[in-house]
Amino acid sequence: MRVAMIGTGYVGLVSGACFADFGHEVTCIDKDAGKIARLEDNIMPIYEPGLDTLVANNVKAGRLKFATGPAEAVAAADAVFIAVGTPSRRGDGHADLSYVYAVAEEIAHLVQGFTVVVTKSTVPVGTGDEIEAIIAKLRPDADVAVVSNPEFLREGAAINDFKRPDRVVVGIEDERARAVMTELYRPLNLNETPILFTGRRTSELIKYAANAFLAMKITFINEMADLCEAVGADVQQVARGIGLDNRIGSKFLHAGPGYGGSCFPKDTLALVRTAVTAGSPVRLIETTVEVNSARKKAMAAKIVAAMGGDVAGKTIGVLGLTFKPNTDDMRDAPSLDIVPALIAAGAKVQAYDPQGHEAKTMLADVDMKDGAYEACEGADALVILTEWDQFRALDLDRVKELMKGVALIDLRNVYRPAELKGRGFEYTSIGRRS
Ligand code: UGA
């Protein structure tokens, strides 16, 4: 199949490279000529494990190409994917669809023959209808079927999520699209991946419902963690105790400093807005959003309390700034709430993140170090904010020797309380007795 992938952000690039790896002929298109030139030199715009190799292999095999304009690839395509950004609109939290609609207008003039137009971008219910209307208005003769095919890729594990998904969701209104989409995902037959065909609006909603549910699950365990601290219980054991019930499931029950990233915060907010507009509010998700924002702020207070209530003039070492490991993404990272609050309380913060290059500008007052141990040097307290693998096996004796103080605040429960106490640390974690 010939695929045109419009937008080479995280979703577009990963999806394009994976479709090429499935054996399809893919052109990834982006207006940003610099980005396309770098991709042609195999320089990735994002950090995603394995992506550079996947791109290089498929370019070499002649299945993956890059272009700055859509004309040629769209005219030849069996399927045109829209994978551009849908950021939160400033002020009201609605998804900003201007990029999606601009692409719809552009491709309307270019499609030739029967073409399936697929939204990969996360778009609110009804967006597919609007895309269909835009194309029909500009090119009444165009023969297109507009399809919703949401992505369920986690940053840091995106290639595996694409190639070995739990399910693929495809929302169609035109039966002809079924054959094209089935053919595109045919390599997944090997693993008997369920491909769920639904109506287009249903598919659009499934994406938001999935992210909102996961965000709610994390928020639930985070509140349980607070309760565990108040009543002397252990949240790790609570998570295991409930997670072993198949109806609940053990995933996404890891308590932490609150969810961040480019998806959960934006998508929960957009779902809340969609529901209000539709006159059917989703109160659980409204509360999830509020509880999670409050939690990120409360984490700074937790650190201050663990340091005796006053951090003025103290040095805090921070390990990890990205919203989760194996990504360079800083969007809505808990660090962006926590670190400035510590600095405002008078602390000096020195930090290390293996990939958080952007943090240098986003957290300009932080002294960025080149390694985990450098971030420990002379620190009164050490905070583990993101659970990068390299922070899971620190030489704790060396850490202790380098630090001035003994407070270790582990917001990801990477270590075991007993292990740390035996080494003379004052250890604080999430939802467990210190
Ligand atoms: C999320 C979903 O997991 C993907 O299925 C979805 O496709 C994607 O959003 C999207 O809409 O594009 P992602 O944002 O990359 O993926 O990251 P997650 O692994 O889901 O983590 C999100 C946040 O939740 C992180 O801040 C993470 O630290 C936090 N989290 C996750 C927890 O605090 N506890 C957990 O148990 C799991």
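Restricting attention to segment 249-266, does a residue exist that is surrounded by fewer than 21 Cβ atoms within 10 Å (Cβ to Cβ), outside the structural domain of residue 337 (by TED's automatic domain parsing), more than 10 Å from the ligand (Cβ to nearest atom) and more than 20 Å from the chain's Cα centre (by Cα)?
Yes, segment 249-266 contains a residue that is surrounded by fewer than 21 Cβ atoms within 10 Å (Cβ to Cβ), outside the structural domain of residue 337 (by TED's automatic domain parsing), more than 10 Å from the ligand (Cβ to nearest atom) and more than 20 Å from the chain's Cα centre (by Cα).
Please pick out the residue among 382, 394, 408 that is part of a loop (DSSP other than H, G, I, E, B) and aliphatic (A, V, I, L, M).
Details: 382 fails: part of a loop (DSSP other than H, G, I, E, B); 408 fails: part of a loop (DSSP other than H, G, I, E, B).
The match here is 394.
Among the residues of segment 358-372, is there at least one that is within 16 Å of the ligand (Cβ to nearest atom), part of a loop (DSSP other than H, G, I, E, B), touching a strand residue (DSSP E or B) at 6+ places or on another chain (Cβ under 8 Å) and in contact (Cβ under 8 Å) with a residue 24 or more places away in the chain?
Scanning segment 358-372 turns up no residue that is within 16 Å of the ligand (Cβ to nearest atom), part of a loop (DSSP other than H, G, I, E, B), touching a strand residue (DSSP E or B) at 6+ places or on another chain (Cβ under 8 Å) and in contact (Cβ under 8 Å) with a residue 24 or more places away in the chain.
Has segment 135-155 got at least one residue that is touching a residue at least 60 places away in the same chain (Cβ under 8 Å), within 16 Å of the ligand (Cβ to nearest atom) and farther than 14 Å from residue 83 by Cα?
yes
Test residue 196 against the criterion of being closer than 30 Å to residue 411 by Cα, within 16 Å of the ligand (Cβ to nearest atom) and surrounded by fewer than 17 Cβ atoms within 10 Å (Cβ to Cβ), and give yes or no.
On the way: closer than 30 Å to residue 411 by Cα: no; within 16 Å of the ligand (Cβ to nearest atom): yes; surrounded by fewer than 17 Cβ atoms within 10 Å (Cβ to Cβ): yes.
Criteria not met by residue 196.
Given the criteria among the small types (Gly, Ala, Ser), away from the ligand (no atom under 16 Å from the Cβ) and in contact with a strand residue (DSSP E or B) (Cβ under 6 Å, 6 or more places away or on another chain), does residue 345 qualify? Show your work before the answer.
Values: among the small types (Gly, Ala, Ser): yes; away from the ligand (no atom under 16 Å from the Cβ): yes; in contact with a strand residue (DSSP E or B) (Cβ under 6 Å, 6 or more places away or on another chain): no.
Answer is no for this residue.
Across segment 46-58, which residue is farthest from the chain's Cα centre (by Cα) among those that are surrounded by 18 or more Cβ atoms within 10 Å (Cβ to Cβ) and of a type outside the set (Phe, Trp, Tyr)?
Step one: filter segment 46-58 for residues surrounded by 18 or more Cβ atoms within 10 Å (Cβ to Cβ), giving 47-48, 51, 54-55, 58.
Pick out the ones that are also of a type outside the set (Phe, Trp, Tyr) and you get 48, 51, 54-55, 58.
Working: 48: 11, 51: 16, 54: 20, 55: 20, 58: 25 Å.
So, considering only residues that are surrounded by 18 or more Cβ atoms within 10 Å (Cβ to Cβ) and of a type outside the set (Phe, Trp, Tyr), the one farthest from the chain's Cα centre (by Cα) is 58.
Filter segment 205-247 down to the residues that are among the β-branched types (Val, Ile, Thr) and either surrounded by 14 or more Cβ atoms within 10 Å (Cβ to Cβ) or within 23 Å of residue 122 (Cβ to Cβ) (or both) and list them by number. Spell out how you get there, then give the answer.
Let us first name the residues in segment 205-247 that are among the β-branched types (Val, Ile, Thr), namely 206, 218-219, 221, 231, 235, 238, 242.
Answer for segment 205-247, where residues must be among the β-branched types (Val, Ile, Thr) and either surrounded by 14 or more Cβ atoms within 10 Å (Cβ to Cβ) or within 23 Å of residue 122 (Cβ to Cβ) (or both): 206, 218, 219, 221, 235, 238, 242.
The values are calculated or read from the model by the stated rules, or taken from the named source; none is laboratory data. Everything quoted here is computed from the prediction, not taken from an experiment. Note that we place each Cβ from the backbone using ideal geometry, even for glycine, and neighbour counts take in every protein chain shown.
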